[in-house]
Amino acid sequence: MSSPSLAHPLTSLRVCVAADAEAAAEVAATRILTLLREKPTAALGVATGSTPSPVYRALARSLQSEPLDLSRARAFALDEYVGIDPRAPQSYRSVIDAEVTEPLGFDRRLVAVPDGSSADLDAAASAYEAGIDAIGGVDLQILGIGHNGHIGFNEPGSPHDSPTRVVDLAEETREANARFFDGDIDRVPRQAMTQGIGTILKARSIVLLAFGSGKAEAVARALEGPIAEASPASALRRHADVTILLDKAAASSLS
Ligand code: F6R
């Protein structure tokens, strides 16, 4: 079981340290289901990577025991690699299809992923941002955090008011994600299209999850370090409704 959410003494964020990743994922899944029961047309912001997978699995389990029609809900992915074939298994389009759209019963037409294979990437990024605004914004944004503190693919140095745009991936991000490309960093794209930090901060509520000791320093910097462009996740302290769900290892560097 998780501990109750506590207001962190140094930030406005609610921090919840769960017994393990599965317990934290259950808390996030419950938040999502509560929203979707109240608002069947809600817009979810969805992350990819290892961290949110247990959340999506917990949601699928809940939906089996307690069915809920998600076909009117919307989802907006955080990011996509530039230049990747959207049908490749590593594309975030494929990951979102496999982990979110199909198992949870979203209508594919209501699930948006940035178009990293567009011939006009800048126009595609602006259109993505406009698409989020047009439906009235994201209700609940799910986030992971990179070892370097990135959210989405907003690497250190990203302005806290940045919009959806094309970015260069940090070498450490490409190294971390090589595990999805058979360990071959040369196959990891060098650029991505990502919701900006400003885009993320427009979501009405945000839940960031982090698991494992490898994330402990990034979590501590985000929550207790300076609010600065060098620390993308520190921007979350500018938002009024953020919950941080951690396992014990990811919380281990907090004061
Ligand atoms: C994924 C994303 C990234 C990841 C972060 C952590 O859509 O935007 O910010 O959340 O790189 O990745 P994992 O969870 O694989 O450790």
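The values are calculated or read from the model by the stated rules, or taken from the named source; none is laboratory data. None of the values given here were measured: they were computed from a predicted structure. Reconstructed Cβ throughout: ideal geometry from the backbone, glycine too, with neighbour counts over all protein chains shown.
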Review point. Restricting the search to region 64-92, which residues are out of contact with any helix residue (DSSP H, G or I) (no Cβ under 7 Å at 6 or more places or on another chain), of a type in the set (Asp, Glu) and under 23 Å from residue 137 (Cα atoms)?
Key: 69
Study note, to complete from the structure: Of the listed residues (79, 69), the one being in contact with a Phe, Trp or Tyr (Cβ under 6 Å, 6 or more places away or on another chain) and at pLDDT 95 or above is 79
Exercise for review: Please go through region 198-211 and pick out each residue that is of a type outside the set (Phe, Trp, Tyr) and within 20 Å of residue 153 (Cβ to Cβ).
Suggested key: 198, 199, 200, 201, 202, 203, 206, 207, 208, 209, 210
Review point. Is there any pair with a first residue in region 90-105 that is under 17 Å from residue 54 (Cβ atoms) and surrounded by fewer than 17 Cβ atoms within 10 Å (Cβ to Cβ) and a second that is of a type in the set (Phe, Trp, Tyr) and at pLDDT 95 or above whose Cβ atoms are under 8 Å apart and which are 6 or more apart or on different chains, and what are they?
Key: 103/56
Practice item. Give the residue, chosen from 114, 40, 67, 86, that is surrounded by fewer than 16 Cβ atoms within 10 Å (Cβ to Cβ) and closer than 20 Å to residue 129 by Cα. Key: 86
Check your understanding: Only one residue in 216, 230, 235 is of a type outside the set (Phe, Trp, Tyr), within 15 Å of the chain's Cα centre (by Cα) and either over 29 Å from residue 114 (Cα atoms) or modelled with pLDDT of 95 or more (or both), so which one is that?
Key -> 235
Exercise for review: Consider residue 141 carefully, then state whether it is in contact (Cβ under 8 Å) with a residue 24 or more places away in the chain, surrounded by fewer than 19 Cβ atoms within 10 Å (Cβ to Cβ) and touching a helix residue (DSSP H, G or I) at 6+ places or on another chain (Cβ under 7 Å).
Suggested key: no
Study note, to complete from the structure: With criteria (1) exposed (fewer than 13 other Cβ atoms within 10 Å of the Cβ); (2) modelled with pLDDT under 95, residue 34 comes up short on (2)
Revision key, fill the gap. Subset of region 149-179, residues within 12 Å of the ligand (Cβ to nearest atom) and loosely packed, with under 15 Cβ neighbours inside 10 Å, comes to 172, 175, 179
